[in-house]
Amino acid sequence: MSWGDPVVPDEEVLQKSLDWDLFRRLLRYLRPYRGRVILAIGLLLVLSGLAILGPYILKLAIDRSIANDSLDASLRVSMLLKFSAFYLCVLMLEFVTRYGQMILTTLVGQKVMYDLRMEIFSHLQKLSLTYFNRNPVGRLMTRVTGDVEVLNELFTSGVVQIFGDLFLLGGIVAAMMLLDVKLALVVFTVLPVIFIATGIFRRRVRDSYRDVRTRLAKLNAFLQESITGMTVIHLFGAEARSFDRFSFLNGDHRDAHLRTVFYYAVFFPVIEVIGAIATALIIWYGGRGVLSETLTFGALAAFLQYATHFFRPIRDLSEKYNVLQSAMASSERIFSLLDTEPRIVGPEKALPFQPFQNAIEFDNVSFAYRDEDWVLCDISLTVKKGERVALVGATGSGKTTMVNLLGRFYDVQKGAIRLDGIDLRDMDPHDLRRRMGTVLQDVFLFSGSVDRNIRLGDDTISREEMKEAARIANAHTFIERFSDGYEHELQERGSGLSTGEKQLLAFSRALVFNPEIFILDEATSNIDSETEHLIQEALERILVGRTSLVIAHRLSTIQNVDRIVVLHHGEIREMGTHQELLRQGGLYKRLYDLEIRSAVESTGTDG
Amino acid sequence: MRELLRLRPYLARYKGSFAIGIVHVFLTNVFTLISPLILMRAIDELRDGALTRPLWVYASIVVVLALIQGVFRFMMRKVMIGASRKIEFDLRNDLFSHLGSLSVAYFDRTRTGEIMARATNDLNAVRMFVGPAIMYVANTFFTLVIGLTLMLRLDWQLTLLALLPFPLLSLGVKMLGSRLHDLFQAIQEQYATITTHVQENITGIRVVKAFVREEEQIEGFRVLNREFIERNMSMVRLWGLFFPIMGLLTGIAMLIVMGFGGFRVVSGNLTLGGFVAFTSYLGMLTWPAIAIGWVINLIERGAASMKRISEILDEEPDITAPEIAEAPPIRGGLRLDDVSFAYNGEPVLEEIDLTVGEGETVAIVGAIGSGKSTLLRLVPRLYDVSRGEILIDGVPLRSLSLSHLRSAIGFVPQETFLFSMTVKENIRFGDPSLSDEQLEEICRLSRLTPDLDKFPEGWDTVVGERGVLLSGGQKQRIAIARALARNPRILILDDSLSSVDVNTEEAILVGLREYRRGRTTLIVSHRLSAVRDADRIVVLEEGRITERGIHRELIRNGGFYSRLYERQKLIRELEDLE
């Protein structure tokens, strides 16, 4: 049996050829720090100078002192001391400059990363829910974290260091030319060879690393899948089969690595041989120069030193190219996110905030999440100030959508929703949402304290107000039961709390902002009867005198509301009080009967 | 360090490679370290103005030495690093194979991410020990021994003085290395925190927007982001020292050679050639000195990682069975004899007595958490009973080999898990030897055929993120097909039709009715339509059997079953309303 290739996230293109527009746009992020960038480049220039100075001091020491037989020994020694002192100064200066340069470059890189991350994150906050529905969480996270990290490499070790490598290379070439033009030119004959060798090596290694990466991704994807699906593997006695597949992928991965090992094993000796050729050229041609007294021993020694410094900048330069390519791919993805226009925005001149006075009005509203799949059809409904309205209906009847539209998380396609006669689209969505206290079906809790989850970090709300809200919502008692009360840290997604408790927390959260309009999308899951009672009690207190829209899954919740709206397949089918609807004997009556039956079933099933 | 002993059998397997590798390390060093002596000779003769050989001869010797050295160096890397990749391969295979032998309970209590971390990061750390660490230990050893011998012969006083900074270099790298490792961990942690914040923000975006908390979220992110930069910078403040210190220490060694070595030349104790050779040797010794510090860190990390990997390898499989090659075919009669099962100390099933005759169909009904699924999972021994015994054809499960037992069972789990391979491969997971005709028959039985036509590449369509996203019902039907592919004596359906619409469910059940004939079948379902035709129905409540009988008897009972029945009748009516 052939076992299909495991899933590899192939939407993530890893590299892309150099794109100047993207690159220019990236460089723009350096602009606020251009002073530091220029300083860093300046330091690099100093560093290259110092690096070239070292062998030159050696040359002077040899020629003027060590090999200068014409001078008196004591004089030579004292000169030697002077050169050594000078050399020490150069070393110290180099130490300080190199350190300073490194810190400076990284700091700039980090600041740019900071700016970019803030920009992406802030931009994400403006995008509409439609965008979040379309893009998986993992992908969006990669934009803020992984992709930005890739750019970090570009800014810290890429852009600026390129100058360093070029300066160093140029400096060495210049120094050699100054010492002896002919010998320099002879030694330079190895340069093209180095360029070609590193070029070939870089391409090969890049390709084989790409292989390594994709194969490792496959291997790990398979491993992960096998771990998650271990029960199935056991059940179908597929241990041996999946091992064979794993071993095959593992072998593929090993082979890709062995190729890389091979390239490295070839590259290092090749570089050494080229280095030896350079040394040989210096011995041969330079030695002849010494014989004919056109070259000093010091210069010969300096040449030998310079020749060993050739290789690093050349290899680094070619690696920069890889960095650049990865950065292109990441920046393209980042910019495409930043270029996504927020869909739901307030008008140019939003109307000033007015307290809610009259009514919410759904006027012939139709809505579809996608194309023509109408979820709501021609809905007209008016909720007066202070009225308590419940939405009832089977799953998929459009209840939640109505609430989503009211908060303007989506815009209606037909008709309009108005608040005191003003179209929602003419308001600032933030102003609109501030009027509403929402409790969602799946209570989302942030990691952090209970306090943070109620006040949501809003310090304008006092702790007393928070506790008051929790008391009304019947949450205070169970919060106080934690040894650290409101400071109690909730586990991931509040996993330590029961569904009911989460619901009560959500009530507190909605209440604490003292909303004009209360929206509740009741949880579907089962809640123990004791907590259910607490919820019921809290709800009655919350709803008193407050305009509210309640989506109820348990009809017992809503028997006292002013009006019940029965939705079916996106249309309003029935409307009236509990008693009226029961008398009508329609859809509501049936739903109600069903509920009575389920209530008998104390244990409950998910039917 | 003791953890690393565990690698002995792996190292032993490649001892030939390591032996060859070490010989090559030695030879590489010999030829590398001879080279400066040639340079010395040439310069001394030049200085004395008495060349014994033409200059090109010296030049050629340098190149030839480099070539010979290059071949050995190539072999050294290829053989030793290559062996480390092979050991990584072996170790990873062993890890996977061991994981396969562990029971479901192990995977229940161990997070996937943890296992993945062992198989990736830790394995890599061990690989770094087996490969580069061992190679560089050998290399450093030979470089120091040969290099020092040669240098000491040239001028022992200069040698001792010039090498003074080198121990500092090793020590510095070692200390910086472990401190950097800690700082790096701190950065990784902060990175994880940022990731979590972003994830939380995106998953909770609805709440963020509903309560207009965007600003607060951005502020929170800003704090984390700033801390991230801080941590990065504190690492860079240290890491930034690395190269400058290296440069400084090697520079000081060079300074000593220049100053003191120059003095020795002036005072006639060293030739100019020897002086130049010394400068070359310094360059050659720099990397091994750095490597000492680096390698110590590699060994420490390798040991820590090996310890974590050993935790998995030492995990004993808790479900074991005798390996019996020959066994009579399983016919499918089942008996649960006073079976109790507790999970993490919580009783799940208590005193279950149940006999399912060969070819009989028994349905199990009950509320969520009543123990239905657990009961089913005991049959293929995904878990073992805590008390009592399960017998198959009168033989205790524990006396059968696992493969024999499981080969007789077609199990459709509650949570459908498909592998990301083609539909066909997923079905054939049940039996790889299945012919296309048999496959078609199975697809027909599980009502997959109409869906296959809709898939872009029929049953060669890849399932999952990279391929088609299937509906819950489609997934379940593939899982059913996969179980049928085993041609099982015992068919187990654990709420396997919950996502399938009512009509398809009906069709599958009708189709299976014929198929089930002669096969023992256990069905768990929340829909009574799926269980009403069973030969016997068992109601589980809180881990105990509270009702048993056939449909007609149970609806008259007035118990759990009859209430469930009434409720479902109503739902059915509601659904038919349109």
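None of the figures in this text is laboratory data; all of them are computed from the coordinates on show. No experiment lies behind these values; they were computed from the predicted model shown. Cβ sites come from the backbone with ideal geometry, for glycine too, and all protein chains shown count toward neighbours.
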Given the alpha-carbon gyration tensor of the range A:181-294, what are the semi-axes of its equivalent ellipsoid in whole angstrom, ordered largest first, with each equal to the square root of 5 times an eigenvalue? 55, 11, 7
Relative intensity, log₁₀ I(q)/I(0), of chain B from a Debye sum that treats every alpha carbon as a point, q = 0.06, 0.07, 0.09 Å⁻¹: -0.56, -0.69, -0.91
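Nothing charged except the Cβ atoms of Lys and Arg (+1) and of Asp and Glu (-1): what's the magnitude of the dipole of chain A about its Cα centre? Round to the nearest 20 debye.
Around 2020 debye, computed over chain A.
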Over 20 Å (Cα to Cα) among A:K218/B:K307; A:K399/A:K589; A:K126/A:K384; A:K320/B:K174; A:K384/A:K467 -> A:K218/B:K307; A:K126/A:K384; A:K320/B:K174; A:K384/A:K467
So what's the gap between the Cα centers of the range B:198-254 and the range A:339-362, to the nearest angstrom? 37
Which value, in debye to the nearest 20, describes the size of the charge dipole of the range B:415-487 about its Cα centre when Lys and Arg Cβ atoms bear +1, Asp and Glu Cβ atoms bear -1, and nothing else is charged? 240
Check: C-alpha center the range B:420-492 vs C-alpha center the range B:294-317, spacing in Å is 41
Specify the angular offset, from 0 to 90 degrees and rounded to the nearest 10, of the alpha carbon long axis of helix A:34-60 from the longest principal axis of the alpha carbons in chain A. 20
So if I take the centroid of the Cα atoms in the range B:1-50 and the same for the range A:43-115, what is the distance between those two points in Å? 32
GluC sites (Glu not before Pro), restricted to the range A:338-375: which are DSSP loop and have at most 14 other Cβ atoms within 10 Å? A:E348, A:E372
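Taking 8 Å as the Cα distance limit and 6 or more residues as the minimum spacing, I'd like the relative contact order of the range B:2-313 as a percentage.
Values: 278 pairs, mean separation 106.5, N = 312.
Relative contact order, the range B:2-313: 34 percent.
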Using Cα positions and a limit of under 13 Å, work out the aspartates and glutamates in reach of B:K372, with same-chain residues fewer than 8 apart set aside. B:E350, B:D494, B:D495, B:E541, B:E542
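What is chain A's relative contact order, in percent, from Cα pairs under 8 angstrom and six or more apart in sequence? If you can, show how the numbers build up before the last one.
Details: 752 pairs, mean separation 88.1, N = 607.
Relative contact order comes out at 15 percent.
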Ellipsoid equivalent to the range B:2-313 - semi-axes via the Cα gyration tensor, in Å: 50, 28, 15
Per-selection metrics, the protein assembly as shown (Cα): Rg and Dmax in Å: 38.3, 125
Compute the semi-axes of the equivalent ellipsoid of the range A:443-515, taking the square root of 5 times each eigenvalue of the Cα gyration tensor, and list them largest first in whole Å. 17, 12, 12
Expected integer from the mean partner chain Cβ neighbour count at 10 Å over A:105-118 is 4
Note, ³J(HN,Hα) from phi for the range B:110-116, Karplus 6.51, -1.76, 1.60, rounded to Hz, x at Gly and Pro: 10, 6, 4, x, 5, 5, 4
How large is log10 I(q)/I(0) at q = 0.15, 0.17, 0.18, 0.24 Å⁻¹ when the Debye formula is applied to the Cα atoms of the range B:84-149, each weighted equally and without solvent? -0.60, -0.69, -0.74, -0.99
Reachable lysines from A:K59, Cα under 21 Å, same-chain residues fewer than 8 places away excluded? A:K82, A:K182
Inverse mean reciprocal Cα-Cα distance (Kirkwood Rh) of the range A:70-168, Å: 17.8
How big is chain A by Rg and Dmax over its Cα atoms, in Å? 36.6, 125
Report the local net charge at B:T32: Lys and Arg +1, Asp and Glu -1, summed over other residues whose C-beta lies under 9 Å from its C-beta. 0
Hey, quick one: spin label on B:E415, modelled 7 Å out along Cα-Cβ, who in the range B:367-398 has an amide N within reach, i.e. under 18 Å? B:368-378, B:382-383
Show the residues, 5+ positions off or on another chain, whose built amide H is closer than 5 Å to the amide H of A:S366. A:D378, A:I379, A:Q413, A:K414, A:G415
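Quick check on chain A: helices-only [θ] at 222 nm, where DSSP H runs of length 4 and up contribute -39,500 (n - 2.57) each and the sum goes over total residues. Nearest 500, please. Let's see the in-between values first.
Working: 23 runs with 358 residues, N = 607.
Per the formula, -19500 deg cm²/dmol.
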Net length gained if the chain between A:T340 and A:D442 were fully extended (0.36 nm per residue, minus Cα distance): 33.9 nm
Tabulate in residue order the Karplus-calculated ³J(HN,Hα) for the range B:533-538, using 6.51 cos²θ - 1.76 cosθ + 1.60 with θ = phi - 60°, rounded to whole Hz; enter x for Gly and Pro. 8, 4, 5, 8, 10, 10
How large is log10 I(q)/I(0) at q = 0.15, 0.18 Å⁻¹ when the Debye formula is applied to the Cα atoms of the range A:151-222, each weighted equally and without solvent? -0.77, -0.92
In nm, to one decimal, how far is the modelled label at B:D501 from the one at B:V23, with both set 7 Å along Cα→Cβ? 7.4
Taking amide H positions as placed 1.01 Å from N in the peptide plane, with prolines and chain starts having none, which residues 5 or more places from A:S449, or on another chain, fall under 5 Å of its amide H? A:L490
Would you work out which of A:I233, A:I564, A:L124 lies farthest towards the positive end of the dipole of chain A? Charges go on Cβ: Lys and Arg +1, Asp and Glu -1. A:L124
Nearest 10 degrees is fine. How inclined is helix B:165-203 to the longest principal axis of chain B, computing both from alpha carbons? 30
Number of partner chain Cβ atoms within 10 Å, mean per residue of A:265-276: 6
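Rounded to the nearest 0.05, what FRET efficiency is calculated for A:S70 and B:S267 with R0 set to 22 Å and r the Cβ-Cβ distance?
Details: r = 17 Å, r/R0 = 0.75.
Efficiency, rounded to the nearest 0.05: 0.85.
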Over the Cα atoms of the range A:289-332, compute the convex hull volume and normalise it per residue, giving Å³. 65
As a test of the formula, what do you get for chain B when each DSSP H run with n ≥ 4 contributes -39,500 (n - 2.57) and the sum is divided by the residue count, at 222 nm and rounded to the nearest 500 deg cm²/dmol? -20500 deg cm²/dmol
Residue by residue through the range A:418-427, which ³J(HN,Hα) values in whole Hz follow from phi under the Karplus form 6.51 cos²θ - 1.76 cosθ + 1.60 (θ = phi - 60°), with glycine and proline marked x? 10, 10, 6, x, 9, 4, 4, 5, 9, 10
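Averaged over its residues, how many other protein chain Cβ atoms are within 10 Å of peptide A:427-436's Cβ atoms? Spell out each step's value before the answer.
On the way: counts 0, 1, 2, 4, 1, 1, 5, 3, 1, 3.
Mean number of neighbouring Cβ atoms from other chains: 2.
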Using the Cα centre of the protein assembly as shown as origin and beta-carbon charges of +1 (Lys, Arg) and -1 (Asp, Glu), tell me which of A:G437, A:H257, A:P269 is placed farthest towards the positive end of the dipole. A:P269
Residues with amide H under 5 Å from that of A:R573, placed H, sequence gap 5 or more: A:V566, A:L567, A:H568
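Would you kindly state how much longer the chain becomes between B:R331 and B:E230 on full extension, computed as 0.36 nm times their sequence separation minus their alpha carbon distance, in nm to one decimal? Intermediate values should be presented prior to the final figure.
Values: separation 101, 0.36 × 101 = 36.36 nm, distance 6.82 nm.
Gain on stretching B:R331 to B:E230: 29.5 nm.
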Only four residue types carry charge here, +1 at the Cβ of Lys and Arg and -1 at the Cβ of Asp and Glu. Report the dipole size of the protein assembly as shown about the Cα centre in Debye, rounded to the nearest 20. 4300
Hey, rough spin-label estimate for B:A304 and A:D431, points 7 angstrom out along Cα→Cβ, what's it come to in nanometres? 5.6
What is the range B:415-487 by shape, rounded, prolate or oblate, if you read a ≥ b ≥ c off the alpha carbon gyration tensor as root eigenvalues and call it rounded for a/c under 1.5, prolate for a/b larger than b/c, and oblate otherwise? rounded
